[in-house]
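Following: one structure in structure tokens, then a few remarks.
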Amino acid sequence: MDFLAEAPYLAAVVPLGLAVFLFLFGRLLGKASAWVAMLGPLTVLLAGVACAVVVLGGEASAAPAPYVGGMVSSATWDWMVQGTMVITIGYAVDGLSALMLLVVGTVALMVMVFSVGYMADDPGFARYFTLLSLFTASMTGLVIANSLAGIFVAWELVGVCSYLLSGFWYRKPSAANAAMKAFLVTRVGDVGFLLGIAVLWQATGSLDLAEMTAAASGVAAGTIAVASALLFMGAAGKSAQFPLHIWLPDAMEGPTPVSALIHAATMVAAGVFLVARVWPLFEASPGVLQLILVVGVFTAVMAGTAATAQNDIKRVLAYSTISQLGFMFAALGLGAWEIAMFHLTTHAAFKALLFLGSGSVIHGTGTQDMREMGGLFKKMPITAVTWIVGAAALAGIPGLAGFFSKDEILAAGYHEQLWVVVLLWAASLFTAFYITRATMLTFFGRPRGDQHAHESGPTMTIPLVILATLAASAGYLATVVAELLGEEAHALEPPVAIVSATVAIVGVAAAVLFYRSGLKADDRLAGALDPVWRAWEHAYWFDGFVQRVVVRPTVVFATVLYEVVDRFVIDGIVEGTGTASRWFGRGMNAIENGDVQWYAALIGGGVIALLAVSYLIVMQDQLADTISNLGLW
């Protein structure tokens, strides 16, 4: 353990080495490849524990901004050297990194154990665990990198892993399209991230986080604001914030454990982590923080309402994730970055639980459509009980993890900007309603559809029990998380807590009353709320809007470029040159007919032509004088 605190880079090196090993020998190992891959997240988890112990024990050394909670270990190497330009890369583990190592290690380990049963019969078993190992290494590298260069490299690697795992079943057109959509939409944000890095490099002369933060104090406020806004663009893309949120629901085409690991607990939280990691830059940009606040609140409400009318159990959770990430960005916009990280931590537990729970349901029933479920509580009791714990934590029921972390965000809004807390209370009401609706349609009522549901095996239910325990208890770790982040824990605000608890209970009770009758409740709500219900059902048709305004015009423009510029102009020049050469060659072939007299005539004509040209060159001055005297020039 002490060794892992001194060499935390092993948390990235070990899973990376395992990914290479499984790439080479995974097929030979067969099912054993899963247990080999688990050594990666286990190393990450142990490194997180070791580093957290150092920080909490007061043994961490003092660290410059933007590091928090004290420095556990760090090292830097020159990566690119060109003249006086040096780009460094390395690692640095502080309290924030230690917290993220705990989150990544725990969720990745639970997902891998769960996947042993979920992916048991998949022909791509070894490839799957190879990619999970690569993702674990990439995400770990992101949270321990000590420069924006290192963060960006790992940032892109987790994007590649998301692409490969979202499209894991690549022979399925919808999966391949979803992977491409996720890759392209997040690249839009990453362009902003890269430009932000360029602005900071130009302004500070360094990408090392400590050096850059120190130099930023002497940079014009406008430049820092521009750089912060561009970095937020990258964060919004990775964390699926409006308007770059449209990729996440489609990414559910991948295996469900992937959704739990990448699209609920870790990669999508990377945007929140990025803002917290370079917090001094955002703290110096109040205008950008206000933008983050508005985007976060809008996303929380928009996605929360969209989740209310979804029928695919994974899409409900996808829009829920977008909404909860909106809560985190709202906390960042309020200046409460440590609260955002606390909610990130609790959310990782209960949302990973809910996604794995949905995977257990899908594995047991063979469907993702809640209209074809119902009555699963008796057939899948462990899945049902653990799901209910996760659902209650998400809804914000008092005593569970989600209540404590969400309450701190609401309290921050209550003290800073009242309109924020009002809208977030509305989002919380929808959260309690839609997750209870999903619970009722899935586990209660009469069975629907042709199903032979069965409880999942131990490799799937044990991770559910562990995550349910964390979802129930993680809220009581507020003091520990605050100490890791070098901050003080926030006490519950009684007025806010009472209203929040009331909102959660009302949302749950309303959904229970509505959905006692099963799917008939959807019909009644659709009739009463039309066209609002249809807007929720289609997620406000934002996908269609993007198709009409962005995708189709881009395709038309690209088609014109291809047909006119590429095919007609460029290909015309190239192919025309070849055609002219062929015509010239054929003309030359015509004069080579084997007739000696014809050859002699050509030679004679050529000689005469050469003599004439030579004469004109020699006599050009005399000819010019003659023409001038005749008045012809």
Query - All positions within region 340-368 that are open to solvent by 10 Å² or more (accessible area, probe 1.4 Å) and over 25 Å from the mean Cα position of the chain (by Cα) - result: His363, Thr365, Gly366, Thr367
Query raised in the report: Has region 87-100 got at least one residue that is surrounded by fewer than 21 Cβ atoms within 10 Å (Cβ to Cβ), among the hydroxyl-bearing types (Ser, Thr, Tyr), on the phi < 0 side of the Ramachandran plot and more than 26 Å from the chain's Cα centre (by Cα)?
Result: no
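Looking for whichever is touching a residue at least 60 places away in the same chain (Cβ under 8 Å) and more than 30 Å from Asp94 (Cα to Cα) here; the options are Val480, Val422, Val385. Which one fits? Can you show your working first?
Working: Val480 fails: more than 30 Å from Asp94 (Cα to Cα); Val422 fails: touching a residue at least 60 places away in the same chain (Cβ under 8 Å).
One residue alone meets the criteria, Val385.
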Requested in this report: Scan Ala175, Ala221, Ala203 and give me the residue that is touching a residue at least 24 places away in the same chain (Cβ under 8 Å) and touching an Asp or Glu at 6+ places or on another chain (Cβ under 7 Å).
Outcome: Ala175
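Tell me, which helices (runs of 4 or more DSSP H) lie completely within region 266-357 with 2 or more residues that are in contact with a strand residue (DSSP E or B) (Cβ under 9 Å, 6 or more places away or on another chain)? Outline the logic, then answer.
On the way: elements: 270-277, 279-283, 286-308, 313-333.
Where helices (runs of 4 or more DSSP H) fall fully within region 266-357 and carry at least 2 residues being in contact with a strand residue (DSSP E or B) (Cβ under 9 Å, 6 or more places away or on another chain), they are 313-333.
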Requested in this report: Tell me, please, whether a residue that is closer than 24 Å to Asn146 by Cβ, assigned to a helix (DSSP H, G or I) and either among the β-branched types (Val, Ile, Thr) or touching a Lys or Arg at 6+ places or on another chain (Cβ under 7 Å) (or both) can be found in region 226-242.
Outcome: yes
Requested in this report: Pick out, from region 1-91, the helices (runs of 4 or more DSSP H) lying fully within it that include 3 or more residues that are more than 18 Å from Thr140 (Cα to Cα).
Outcome: 10-29, 32-37, 39-56
**Report entry** Selected residue (criterion: nearest to Gly445 (Cα to Cα)) from residues of region 464-513 that are surrounded by 16 or more Cβ atoms within 10 Å (Cβ to Cβ) and of a type in the set (Asp, Glu)
**Finding:** Glu493
Query raised in the report: Is it the case that some residue within region 436-445 is more than 30 Å from Ala336 (Cβ to Cβ) and in a loop (DSSP other than H, G, I, E, B)?
Result: yes
Requested in this report: Say whether the condition of being hydroxyl-bearing (Ser, Thr, Tyr) and either under 21 Å from Gly359 (Cβ atoms) or surrounded by fewer than 18 Cβ atoms within 10 Å (Cβ to Cβ) (or both) is met by at least one residue in region 416-428.
Outcome: no
Requested in this report: Could you run through region 105-136 and say how many residues are open to solvent by less than 20 Å² (accessible area, probe 1.4 Å) and not in a helix (DSSP H, G or I)?
Outcome: 2
Requested in this report: Test Gly594 against the criterion of being outside any helix (DSSP H, G or I) and of a type outside the set (Ser, Thr, Tyr), and give yes or no.
Outcome: yes
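Every residue, every condition in (1) of a type in the set (A, V, I, L, M, F, W, C); (2) closer than 28 Å to Thr461 by Cβ; (3) modelled with pLDDT under 95, yes or no:
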site	(1), (2), (3)
Leu289	yes, no, no
Gly296	no, no, no
Thr299	no, no, no
Met302	yes, no, no
Thr305	no, no, no
Ala331	yes, no, no
Leu344	yes, yes, no
Leu354	yes, yes, no
Report summary line: Pro243 passes all but one of the listed conditions (1) out of contact with any helix residue (DSSP H, G or I) (no Cβ under 7 Å at 6 or more places or on another chain); (2) open to solvent by less than 10 Å² (accessible area, probe 1.4 Å); the exception is number (2)
Requested in this report: Could you look through region 66-82, keep only residues that are at pLDDT below 90 and either among the hydroxyl-bearing types (Ser, Thr, Tyr) or under 30 Å from the mean Cα position of the chain (by Cα) (or both), and pick out the one that is least open to solvent (accessible area, probe 1.4 Å)?
Outcome: Met80
Report task. Taking only region 13-32 into account, find how many residues are under 26 Å from the mean Cα position of the chain (by Cα) and open to solvent by less than 20 Å² (accessible area, probe 1.4 Å). Result -> 3
Query raised in the report: If you go through region 388-403 one residue at a time, do you hit one that is open to solvent by 10 Å² or more (accessible area, probe 1.4 Å), over 19 Å from Leu344 (Cα atoms) and either of a type in the set (A, V, I, L, M, F, W, C) or in contact with a helix residue (DSSP H, G or I) (Cβ under 9 Å, 6 or more places away or on another chain) (or both)?
Result: yes
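The values are calculated or read from the model by the stated rules, or taken from the named source; none is laboratory data. Quick caveat: nothing in here was measured; it's all calculated off a predicted structure. Cβ coordinates were reconstructed from backbone atoms using ideal geometry, including for glycine residues, and neighbour counts include every protein chain displayed. Areas reflect the complete protein model, heavy atoms only, side chains present, ligands, DNA and RNA absent. Shrake-Rupley method; radii C 1.70, N 1.55, O 1.52, S 1.80 Å.
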